[in-house]
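The values are calculated or read from the model by the stated rules, or taken from the named source; none is laboratory data. Because the structure is predicted, anything quoted here is derived from the model rather than measured. Backbone-built Cβ (ideal geometry, glycine too); neighbour counts: all protein chains shown.
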Amino acid sequence: MDAYWAFLLAPVFLFYIAAPYIRKFVGGGVCKSTAKLHGKVVVITGANTGIGKETASDLARRGARVVIACRDVAKGEAAASKIRAETGNEQVVVRKLDLADTKSVGEFAERMRKEEERIHILINNAGVMMCPYSKTVDGFEMQLGVNHLGHFLLTYLLLDVLKKSAPARIVNVSSLAHHFGRIKFEDLQCEKSYQSALAYCRSKLANILFTRELAKRLKGTQVTVNALHPGSVRSELVRHSFLLSKAWTLCSFFIKTPKEGAQTNIYCAVAEELESVSGKYFSDCSPAYVSSQGRNDETARKLWDVSCRLLGIQWN
């Protein structure tokens, strides 16, 4: 009988011993930079929760003035209050930004230009994932509209301030999911067919292509742009998928915490070795492989032109 129980309990004992090492592996890369950001201004979209909030907290601790740009101002103020209390940095402010409404994006950018003489780091972090089919205020498919077009327009409207603040950085939060994305220009708004997961992958591929094309256009400006995959993170992002949210809960031990998921965000924003690196893609604070679709220059240029046309802007 003793041998029987020993046989049954052996896996439990082994897992208990291995658990700290498993968690360290799951946690992934850690940003080791000790860079300080006193006198720097950082704008982070969607920083009222999840990895955005953890990114804001870290950069505030480094001394930056942090602008939390989010749709829900009340939640933003709650997050900012907690960050100020934890970091001792009173320069953490909240400004309203709804990426699903180009008017709101324009109003936010105008306010930033009036309030902030310089912007040194723009982190396009906010996003929606696998939501039911819906459209933004301007009629764009929601995931493409928020994850790509909203950030495309925001970057365009703040670029003059970023250039004036150079050296400056733009950080686009994409995903490993971009590997499964395809840009279908004949049905970009998914009006013919819609699958929430594929639409999400498409929007994350758009982030990669935007980063690639923008990097080319920013050469010589001392403004860099890079994209990243934060990892599978316990966050509100999966709230629209019942199955995925349940799986995330059941497998939470093997999924990154928001603090762990924020590390590559922070790395791309502050790491000294990335000062002149642009147009790249990172995961776990290291360079990562981009899909063949994400390396297609023709698709990147075409998506750029289509995005400008949809938004009614001329970005030369």
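Note on segment 165-183: residues that are assigned to a helix (DSSP H, G or I), over 18 Å from C131 (Cα atoms) and touching a helix residue (DSSP H, G or I) at 6+ places or on another chain (Cβ under 7 Å) amount to 0. Assigned to a helix (DSSP H, G or I), within 24 Å of P230 (Cβ to Cβ), under 17 Å from the mean Cα position of the chain (by Cα) and not hydrophobic (A, V, I, L, M, F, W, C): is that true of G76 in this structure? The answer is yes for G76.
Conditions (1) outside any loop (DSSP other than H, G, I, E, B); (2) closer than 17 Å to A126 by Cβ, marked per residue:
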{"residue": "C190", "(1), (2)": "no, no"}
{"residue": "S203", "(1), (2)": "yes, yes"}
{"residue": "R212", "(1), (2)": "yes, no"}
{"residue": "L228", "(1), (2)": "yes, yes"}
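Residues that are more than 25 Å from Y156 (Cβ to Cβ) and either part of a loop (DSSP other than H, G, I, E, B) or among the β-branched types (V, I, T) (or both) are absent from segment 106-126.
Tell me, please, whether a residue that is of a type outside the set (S, T, Y), modelled with pLDDT of 95 or more, touching a Lys or Arg at 6+ places or on another chain (Cβ under 7 Å) and closer than 21 Å to L205 by Cα can be found in segment 123-136. No: zero hits.
Residues checked against (1) more than 20 Å from L274 (Cβ to Cβ); (2) surrounded by fewer than 16 Cβ atoms within 10 Å (Cβ to Cβ):
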| position | (1), (2) |
| --- | --- |
| L159 | no, no |
| P167 | no, yes |
| V171 | no, no |
| S174 | no, no |
| H179 | yes, no |
| R182 | yes, yes |
| F185 | yes, yes |
| C190 | yes, no |
| L198 | yes, no |
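Pairs linking a residue in segment 87-108 that is in contact (Cβ under 8 Å) with a residue 24 or more places away in the chain and surrounded by fewer than 18 Cβ atoms within 10 Å (Cβ to Cβ) to a residue that is among the aromatic types (F, W, Y) and outside any strand (DSSP E or B), with Cβ atoms under 9 Å and 6 or more positions apart or on different chains, are R95/F108; K96/F108.
In this structure, K82 does satisfy being touching a helix residue (DSSP H, G or I) at 6+ places or on another chain (Cβ under 9 Å), surrounded by fewer than 24 Cβ atoms within 10 Å (Cβ to Cβ) and modelled with pLDDT of 95 or more.
When you check L188 against the structure, is it in contact with a Leu (Cβ under 8 Å, 6 or more places away or on another chain) and either among the small types (G, A, S) or closer than 24 Å to R71 by Cβ (or both), yes or no?
Values: in contact with a Leu (Cβ under 8 Å, 6 or more places away or on another chain): yes; either among the small types (G, A, S) or closer than 24 Å to R71 by Cβ (or both): yes.
Yes.
Of L153, L149, L162, L99, all but one fail to be of a type outside the set (K, R), assigned to a helix (DSSP H, G or I), modelled with pLDDT of 95 or more and in contact with a His (Cβ under 9 Å, 6 or more places away or on another chain); the exception is L162.
Limited to segment 272-316, what total is found for residues that are under 17 Å from the mean Cα position of the chain (by Cα) and either outside any helix (DSSP H, G or I) or modelled with pLDDT under 95 (or both)? Let's see the steps before the verdict.
Going through segment 272-316, the residues under 17 Å from the mean Cα position of the chain (by Cα) turn out to be 278-288, 290, 294.
Right, trim to either outside any helix (DSSP H, G or I) or modelled with pLDDT under 95 (or both) and you get 278-288, 290.
Qualifying residue count for the region: 12.
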